[in-house]
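*Asks:* Below is a structure I'd like to ask you about.
The values are calculated or read from the model by the stated rules, or taken from the named source; none is laboratory data. Note that the coordinates shown come from a computational prediction; the quantities given were computed from them, not determined experimentally. Cβ placement follows ideal geometry from the backbone for every residue including glycine, while neighbour counts extend to all protein chains displayed.
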Amino acid sequence: MENKEINKFISLAVEGNSEALEKVLSEINDFIFNLSLRMLGTIHDAEDATQEILIKVMLNLSSFKKESAFRTWVYKIAVNYLFDYKKSMFYKYPLSFEYYADDIKAGYIDDEDIFEGDKNELSKELKLSCTNVMLQCLDAKSRCVFIIGTMFGVDSKTAGEILDMTPENYRQILHRARKKMAKFLSEYCGLSGTGLCNCKKRIGYAVSQHRLDPKDLEYSKLEILDEDILEDYMKSMEAFDEKITVFEDLPKYNSNINMKSFINDLVTSKHMKKIKEY
């Protein structure tokens, strides 16, 4: 949706038009979910964070001055919220590249009798989960810079505005984060073509550690956004280490939040008084 069109719906939403509010929130629902998923590492945490961010956007909609792009304004709200999010699993149990490397070295079980299901499907599920977990090895700021630069294609000027830093500082952090990730992928991730790990060989270990449930493949259940919509999220950036394409190629997903139901539920919630204020 173009800025002019979204600004029209924002004005109507601020005046109390629920259909316009639904359109505004639907416009950002998927991208907030995907940003939250990469920042927090699990679908459950991403879904919870997405709902909270949507509420924050809704409650602050009247403060949007239309001086910048709506998406940039939403990015700032989402990023600030995700930086302070302390309920996620990986906030409670932080990761490092060193820890993850040791886990990969130790994480193989040859006995396939401990799991049932299609090995290719389980391998794909493990890959999608693992790449999100791998992102958690970066500190929060580096992770955010890496995600919006590599996976969402945000240019350095806009990213600087979102993160309250200079474009030069953003590019420096992005370069360092890419370098760290490329080094780890090269040494440990089989998807890079040179790494130690192999998704299929880690299935048994992942199942035994309850990291993978063959009867509940969370990522397989998510609906993938079609290519036309992906273009709204992914823009071309300068060339960088080819191993980072492991992250470029990850799918973007539709959020599971049904916007009409979400807004209807809020009508009877404790947030209703605040909603009416705008």
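*Asks:* Only one residue in S96, S156 is under 20 Å from I173 (Cα atoms), at pLDDT 90 or above and surrounded by fewer than 16 Cβ atoms within 10 Å (Cβ to Cβ). Which one? Can you show your working first?
*Replies:* On the way: S156 fails: surrounded by fewer than 16 Cβ atoms within 10 Å (Cβ to Cβ).
Just one listed residue meets the conditions, S96.
*Asks:* Among the listed residues K215, K235, which satisfies the condition of being outside any helix (DSSP H, G or I), loosely packed, with under 13 Cβ neighbours inside 10 Å and at pLDDT below 85? Show your work before the answer.
*Replies:* Numbers: K215 fails: at pLDDT below 85.
Answer to the selection: K235.
*Asks:* With respect to Y85, is the statement that it is in contact (Cβ under 8 Å) with a residue 40 or more places away in the chain and assigned to a helix (DSSP H, G or I) true? Please lay out each step first, then the result.
*Replies:* On the way: in contact (Cβ under 8 Å) with a residue 40 or more places away in the chain: yes; assigned to a helix (DSSP H, G or I): no.
So Y85 fails the test.
*Asks:* So, one more: Is there a residue in the stretch 66-78 that is at pLDDT 90 or above, more than 16 Å from the chain's Cα centre (by Cα) and surrounded by 20 or more Cβ atoms within 10 Å (Cβ to Cβ)?
*Replies:* Yes.
*Asks:* Is at least one residue of the stretch 169-188 buried (at least 17 other Cβ atoms within 10 Å of the Cβ) and among the β-branched types (V, I, T)?
*Replies:* Checking the stretch 169-188: at least one residue is buried (at least 17 other Cβ atoms within 10 Å of the Cβ) and among the β-branched types (V, I, T).
Per-residue answers, yes or no, for (1) β-branched (V, I, T); (2) surrounded by fewer than 20 Cβ atoms within 10 Å (Cβ to Cβ):
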{"site": "G16", "(1), (2)": "no, yes"}
{"site": "S26", "(1), (2)": "no, yes"}
{"site": "N29", "(1), (2)": "no, no"}
{"site": "I32", "(1), (2)": "yes, no"}
{"site": "M39", "(1), (2)": "no, no"}
{"site": "T42", "(1), (2)": "yes, yes"}
{"site": "E47", "(1), (2)": "no, yes"}
{"site": "I55", "(1), (2)": "yes, yes"}
{"site": "S62", "(1), (2)": "no, yes"}
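*Asks:* Need pairs with beta-carbon distance below 6 Å; first residue more than 23 Å from E27 (Cα to Cα) and assigned to a helix (DSSP H, G or I) and within the stretch 242-267, second among the small types (G, A, S) and at pLDDT below 75; sequence gap 6+ or separate chains.
*Replies:* From the stretch 242-267, the pairs are K243/S192.
*Asks:* Right, another one. Which members of the stretch 10-54 meet the condition of being of a type in the set (S, T, Y) and either touching a residue at least 12 places away in the same chain (Cβ under 8 Å) or under 15 Å from L222 (Cα atoms) (or both)? Outline the logic, then answer.
*Replies:* The initial filter retains those residues of the stretch 10-54 that are of a type in the set (S, T, Y), namely 11, 18, 26, 36, 42, 50.
Those that are of a type in the set (S, T, Y) and either touching a residue at least 12 places away in the same chain (Cβ under 8 Å) or under 15 Å from L222 (Cα atoms) (or both): S18, S26, S36, T42, T50.
*Asks:* Using beta carbons and a limit of 6 Å, which pairs, at least six apart or on different chains, have the first residue in the stretch 106-127 and over 23 Å from R38 (Cα atoms) and the second one part of a loop (DSSP other than H, G, I, E, B) and at pLDDT 75 or above?
*Replies:* Matching pairs, first to second residue: F115/P214; E116/P214; G117/P214.
*Asks:* Residue by residue through the stretch 157-206, note down the ones that are of a type in the set (A, V, I, L, M) and either closer than 17 Å to I104 by Cα or assigned to a loop (DSSP other than H, G, I, E, B) (or both).
*Replies:* Restricting attention to the stretch 157-206, the residues satisfying the condition of being of a type in the set (A, V, I, L, M) are 159, 162-163, 165, 173-174, 177, 181-182, 185, 191, 196, 203, 206.
Answer for the stretch 157-206, where residues must be of a type in the set (A, V, I, L, M) and either closer than 17 Å to I104 by Cα or assigned to a loop (DSSP other than H, G, I, E, B) (or both): M165, M181, A182, L185, L191, L196, I203, A206.
*Asks:* What are the residue pairs meeting all of these: first residue in the stretch 58-73, first residue under 14 Å from S11 (Cβ atoms) and hydroxyl-bearing (S, T, Y), second residue surrounded by fewer than 19 Cβ atoms within 10 Å (Cβ to Cβ) and at pLDDT below 90, Cβ atoms under 7 Å, and 6 or more apart or on different chains?
*Replies:* S62/Y278
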